[in-house]
Structures are given as structure tokens and as C-alpha cells.
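The values are calculated or read from the model by the stated rules, or taken from the named source; none is laboratory data. Every value quoted in this text rests on a predicted model; they were computed, and no experiment measured them. Note that we place each Cβ from the backbone using ideal geometry, even for glycine, and neighbour counts take in every protein chain shown. Note: areas computed on protein heavy atoms with side chains; ligands, DNA, RNA excluded. Shrake-Rupley method; radii C 1.70, N 1.55, O 1.52, S 1.80 Å.
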Amino acid sequence: MIYKWFVAHQLKESMRSSIWQKQIAINIIIGFFLLLMLMYLVVLGIFIDKILLDVYPDESPIDIFNGILLYYFGVELLFRFMMQTLPTLNITPYLQLPVKKSSIIHYLNLRSLTGIGNYLPLLVFIPFATKAVSLEYGSLIAFIWVLCLFLISISNNFLIIYLKRHLVSKPIITLIAALIITALILLDIFHIVSFSIVSKTLFSALLHYPLGILIIVGMVMVFYLMNFSLLKSKLYPEEIKIKVNENSDSAKAFQYLKQYGFIGQLALKDIKLIWRHKRTRSIVYMLPLFLGYGFFFYPQEIYLDQNGFLIFVGIFMTGGMMLNYLNYAFSYESGHFDFILSNYKSYDKYLREKFLFAIVISTVSFIITIPYLFFGMKILFINTMTWLYNIGFLSYLLFYTATLSKKRMDLSKGAAFNYQGMGIAHWLSMLPFFLLPLLIYWPFSLAGYPDVGLFLIGVLGFTGLLMNKWMMQWVMKQFLKRRYEMAEGFRQSE
């Protein structure tokens with residue numbers, strides 16, 4: 001059977017890899033924590049009916065559980081988008097052999113089902129169905145109900161794979177899907193539609209009308225066929241060549257930056273680096289999550305009275321992407337850092353471009369958050385002060401700590417659960433990111449002048465911008481001191 005050879009070839013490719021031995025210890029550690037998580041999920045599945053009964057004594061645990069399932073599948077969809085990797089296969093050798101293209105495509109799609117994340121929910125669903133659902137509706141209905149939930153999770157799997165495959169070639173499709181999900185979240189936040197009621201109605205209907213499973217099976221088949229059709233249209237050598245050429249020209253819309261001289265060329269290089277590599281591109285995909293953070297808190301009045309918490313939200317939204325960029329400003333270029341040191345005549349322009357690039361990232365993020373003005377002028381005031389803090393103080397601190405990094409980074413790997421290139425300096429740099437603004441704010445808040453505390457956070461950032469010349473000299477001095485040690489570290493493969 002051809003699938004047996006696909007599996008055998010990929011196992012050999014992995015085991016013969018130069019990093020196989022180095023990954024064994026990491027996999028053992030991950031396996032330990034995974035086993036611990038499995039135990040927690042089993043315990044949760046066994047006792048979740050009692051937990052729900054204690055929290056909602058006047059309602060049926062089954063109704064409450066059905067009411068939160070739609071939220072669960074929505075969160076699962078988000079986590080899959082951020083963390084799930086696409087199933088891959090080096091198809092070029094097989095295209096020259098008498099192997100059906102449909103077999104290759106089926107293998108790629110079915111391989112995604114081997115991920116353990118597809119089966120973790122069953123550790124909660126099965127015990128709950130056995131203890132609660134089967135007692136009220138019978139074992140057969142409980143089995144069909146669990147099977148329906150499992151198939152919905154599988155449909156999420158195929159949907160995310162389809163969207164992520166379209167993300168580079170046709171990002172508009174993924175953008176439309178993201179806008180639809182955002183609109184649904186807003187409808188629920190503003191109580192226009194209650195998805196808890198919708199969820200309870202839909203999943204309770206499966207208990208009374210088990211033939212509804214046919215609809216879910218049809219949904220799985222539709223998403224599967226969408227992936228099949230997409231891959232079939234791309235599974236030709238000329239298509240692969242076209243895709244490579246398109247990727248190599250992915251930053252052509254920014255070619256005008258060249259007119260700004262050496263700094264503009266460096267900015268164009270950074271854009272190409274971010275968009276062409278998996279590690280950096282996956283962080284860009286998280287931008288909607290950073291900017292949509294306010295929707296989870298601003299609509300709830302309990303948070304609007306907690307300025308200290310809103311400071312954290314403002315810093316996160318206006319500076320989250322800047323944090324990711326500046327923290328790894330040099331690690332991202334670890335593969336060609338020697339070339340930079342030997343060919344760049346002006347380190348001053350090199351560092352200034354990175355600083356300006358970070359400022360632009362934070363500023364664009366701030367501009368996008370301006371519509372949060374809908375929730376009150378206080379939100380705009382806090383976000384403005386935190387933005388000034390980010391670009392006028394935190395930016396220099398992050399830039400300085402970036403020079404302490406000397407760990408090589410593989411940009412072909414995703415960002416989820418990937419701590420490659422991150423040292424202790426990166427973790428320490430996050431302390432002022434969260435704590436310093438609160439330390440400035442709290443004394444004035446306790447004295448009854450919270451707006452003064454917020455204003456001083458912005459003043460700190462504005463002062464840093466006025467002192468830009470001296471602050472950049474401080475960073476330059478550190479870079480010149482550390483550049484050869486950084487280069488030596490970047491040459492070492494992990």
C-alpha cells in the first residue's frame with residue numbers, strides 16, 4: 001500500500017536528520033508534561049458533571065455543557081490557527097514515479113488526523129457522556145453525541161488547514177474568515193446574539209435527533225474536499241515553481257522604500273525577512289489577536305474601573321508586535337550576521353533602521369486601536385500614554401537587551417512553543433514591560449490622582465523620544481561591544 005511507503009520514507013527522513021538525537025531529550029520532557037496534561041483532562045472529564053452541578057445547582061449539567069460547546073470549538077479554532085502545523089511531504093520525487101496524485105493528496109490530508117490534539121477533547125467528552133448523558137438518554141445516544149463532537153473537532157482541523165494553505169497565496173480568504181469570526185464575537189459581547197443559547201439548542205438537538213450526525217459528517221466531507229481540490233490544483237512541478245517565484249517577489253509592493261537610501265533598503269530587507277520565513281510570519285498572523293485584545297475586556301464594566309489592568313491591556317495592544325520584533329532584532333538575522341558585520345559600513349544606520357521599523361510597528365498598532373474610543377475617552381487616553389511609553393522608553397530597553405542574545409534562530413520553524421533564540425535577557429526584559437508603568441501609576445492612584453499617574457507614563461516615553469540621540473548612542477556602544485560575541489554565538493547550531 002502506497003501510504004505505508006509514505007510513512008516509512010518520512011520516518012527515515014526524520015531519524016536520519018542531524019537534529020534527531022538533539023530532539024530526543026526535548027521530546028522526553030514534552031512527553032512528561034503531555035502525560036500530566038492527559039491525567040488532568042481525564043480527572044476533569046470524570047468530575048465535570050459535579051463541578052457544573054455545584055456552580056449551577058438549578059440547571060442540568062448536560063444543558064450547561066451543551067451551552068459552552070460552541071465557545072469551546074471557537075477557542076479550539078483559534079488555537080489550531082496559531083499552533084497547528086501543516087502536514088508536509090517532499091512531493092517532487094514522487095511526481096516522477098508512477099504514484100497517483102490523489103494518493104499523495106489523501107495522505108497529506110489524512111496525516112493531519114494523527115495529531116494528538118484531535119483526540120484530547122475525548123478525554124473530557126467520553127467520561128462526561130458515560131456519567132451524565134448515557135444515564136438520561138441511553139448509551140447509543142451518548143455514543144452518537146460524542147462522535148458528533150469529535151467530528152466537529154475534525155472539521156475544525158480541515159478548515160484551519162485550508163485557511164492556512166491560502167494564507168500566503170490568497171490572504172483575503174483568511175481575512176474574510178477572521179472578520180466573520182470577529183463579527184460573531186462582537187455580536188455575543190454586545191448581547192445581540194447569545195451563543196450560549198444557540199449552542200445549547202444545537203447540541204441538545206443532537207441528543208433528541210441523532211440523525212443530525214449526517215449533517216456533521218457532510219461538513220467534514222466538504223472541508224476535506226476543499227483541501228483535496230486546493231492541493232490537486234497545486235500538485236504540479238510548474239505550479240511549485242510559480243509559487244517559489246511568487247514568494248521571492250512577495251515584498252514587491254514595498255519596493256518604493258529603496259528611494260529612501262540605505263535605511264529604506266534595510267527596511268525592505270526586514271519586510272522580506274518577516275514575510276518569507278515561517279517563524280516571523282507566524283507572529284504577524286497573531287497581530288489580530290494582539291489588537292483584538294480589548295474586545296475581551298472593554299465591553300465589561302468591571303474592567304473599565306481598573307486602570308492598572310487597562311494599562312496592561314494598552315501596553316500589550318500597542319507594543320506586543322514591537323516586543324516580538326525588537327527582542328529578536330539580531331537573532332532573526334543570525335544566519336547572515338557575519339555578512340552584516342563585514343559588509344555594512346554604517347552600523348549607525350543599521351541600528352537606526354531597526355529602531356524606526358519598531359516605532360512604525362507600534363504606531364500602526366496604536367492607530368488601529370483608536371476605534372476603541374467607542375468605549376470611552378479614558379480608553380484612548382490610556383492607549384495613547386502606553387503607546388508613548390512603548391516607543392519612547394521600552395523600545396530602547398528592548399533594543400539594548402537584544403544585543404545580549406547570542407543564540408542562533410531557525411526561521412523555518414513556527415513560533416508556537418518555540419523558545420529557540422530566547423535567553424534569560426529576553427525574559428528579564430519583560431519585567432519592566434509589565435511592572436514599571438504600574439509602579440508609576442499606583443502611588444498617584446492611591447493618592448487620588450490616577451490621571452496624573454497615567455500622564456507621567458506618557459511623559460516618560462516622550463522624554464525618551466527627546467533624548468533619542470543619547471539613547472541610540474547607548475545602544476550603539478553596547479552593540480559595538482557585543483557584536484563579535486554575538487556573531488560567534490550565531491555560528492553555533494543548536
TODO: Test Tyr94 against the stated conditions and say whether it is assigned to a helix (DSSP H, G or I) and modelled with pLDDT under 85.
DONE: yes
TODO: Go through (1) open to solvent by 40 Å² or more (accessible area, probe 1.4 Å); (2) within 15 Å of Ile340 (Cβ to Cβ); (3) aromatic (Phe, Trp, Tyr) and name the single condition Tyr449 misses.
DONE: (2)
- [ ] Considering only segment 322-355, state which residues are touching a Leu at 6+ places or on another chain (Cβ under 7 Å) and closer than 17 Å to Phe393 by Cβ.
- [x] Leu323, Leu326, Asn327
Open item on the list: Filter segment 374-412 down to the residues that are more than 27 Å from Gln473 (Cα to Cα) and modelled with pLDDT under 80 and list them by number.
Closed with: Asp410, Leu411, Ser412
TODO: State all residues of segment 388-409 that are closer than 20 Å to Val364 by Cα and open to solvent by less than 40 Å² (accessible area, probe 1.4 Å); if no residue qualifies, say none.
DONE: Leu388, Tyr389, Asn390, Ile391, Gly392, Leu394, Ser395, Tyr396, Leu398, Phe399
Open item on the list: Against the conditions (1) modelled with pLDDT of 75 or more; (2) over 30 Å from Leu135 (Cα atoms); (3) touching a helix residue (DSSP H, G or I) at 6+ places or on another chain (Cβ under 7 Å), where does Leu34 fall short? Just the number, please.
Closed with: (3)
Open item on the list: One residue is enough: does segment 333-342 have a residue meeting the conditions part of a helix (DSSP H, G or I), surrounded by 19 or more Cβ atoms within 10 Å (Cβ to Cβ) and modelled with pLDDT of 85 or more?
Closed with: no
Task: Leading residue by the ranking (least open to solvent (accessible area, probe 1.4 Å)) among those in segment 287-302 that are assigned to a loop (DSSP other than H, G, I, E, B) and without any contact (Cβ under 8 Å) to a residue 40 or more places away in the chain - done: Phe297
Task: Filter result (in a helix (DSSP H, G or I) and open to solvent by less than 30 Å² (accessible area, probe 1.4 Å)) within segment 360-387 - done: Ser362, Ser365, Phe366, Thr369, Tyr372, Ile379, Ile382, Asn383, Met385, Thr386
Task: All positions within segment 305-324 that are touching a helix residue (DSSP H, G or I) at 6+ places or on another chain (Cβ under 7 Å) and open to solvent by 10 Å² or more (accessible area, probe 1.4 Å) - done: Asn307, Gly308, Phe309, Phe312, Phe316, Met321, Leu323, Asn324
